[in-house]
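Report on the structure given below.
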Amino acid sequence: MSNYHEPNDQLSEKAKSLTRALNSLKEEVEAVDWYNQRADVEQDESLKGILIHNMTEEIEHACMTIEWLRRNMDGWDKHLEEFLFKEGEISH
């Protein structure tokens, strides 16, 4: 199954790379959710620590992918600058 909504042979290499990055970001965020849920219910503190460690690594991967998107896809830079590391209301 393809992650492309348009014919593969009509997409530029840049569009294909962006699709790979966006799909990877979705997968990393999903993994963060899974590890968070597992850690939340885990009673064994040793295993809980491992799950939290794994979750933290997935967050790192997601952040690296966001940075790649910021550098390579229009719009990310503007909106990340607008919303990240600011005080007050997030939405406007």
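Starting from the Kirkwood radius over alpha-carbon pairs of the range 53-92, derive D by Stokes-Einstein at 10 °C in a medium of 1.306 mPa s and give it in µm² s⁻¹.
Using the Kirkwood radius from Cα pairs, D works out to 138 µm²/s.
Against the longest principal axis of the chain, how steep is helix 45-72, in degrees 0 to 90 to the nearest 10, with axes from Cα atoms?
20
Dividing the alpha-carbon Rg of the chain by 2.2 N^0.38 Å yields what?
Rounded to two decimals, the normalised Rg is 1.38.
Using a 1.4 Å probe, how large is the accessible area of D9, given in Å² and rounded to the nearest 10?
We get 130 Å² for D9.
Could you provide, to the nearest whole Å², the per residue accessible area of the chain with probe 1.4 Å?
Computed with neighbouring chains in place, this is 81 Å² per residue.
What accessible area, in Å² to the nearest ten, does a 1.4 Å probe give for L47?
Here the accessible area works out near 70 Å².
Rounding to the nearest 10 and keeping the result within 0 to 90°, find how far the Cα-based axis of helix 13-41 lies from the longest principal axis of the chain.
10
Which of the lysines could a cross-linker span from K14 if the Cα-Cα distance has to be under 20 Å and same-chain partners fewer than 8 positions apart are dropped?
K26, K78
The values are calculated or read from the model by the stated rules, or taken from the named source; none is laboratory data. Please read all numbers here as calculations on a predicted model, not as lab measurements. Please note that ligands, DNA and RNA were not included when accessible areas were found on the heavy atoms of the full protein model with its side chains. Shrake-Rupley method; radii C 1.70, N 1.55, O 1.52, S 1.80 Å.
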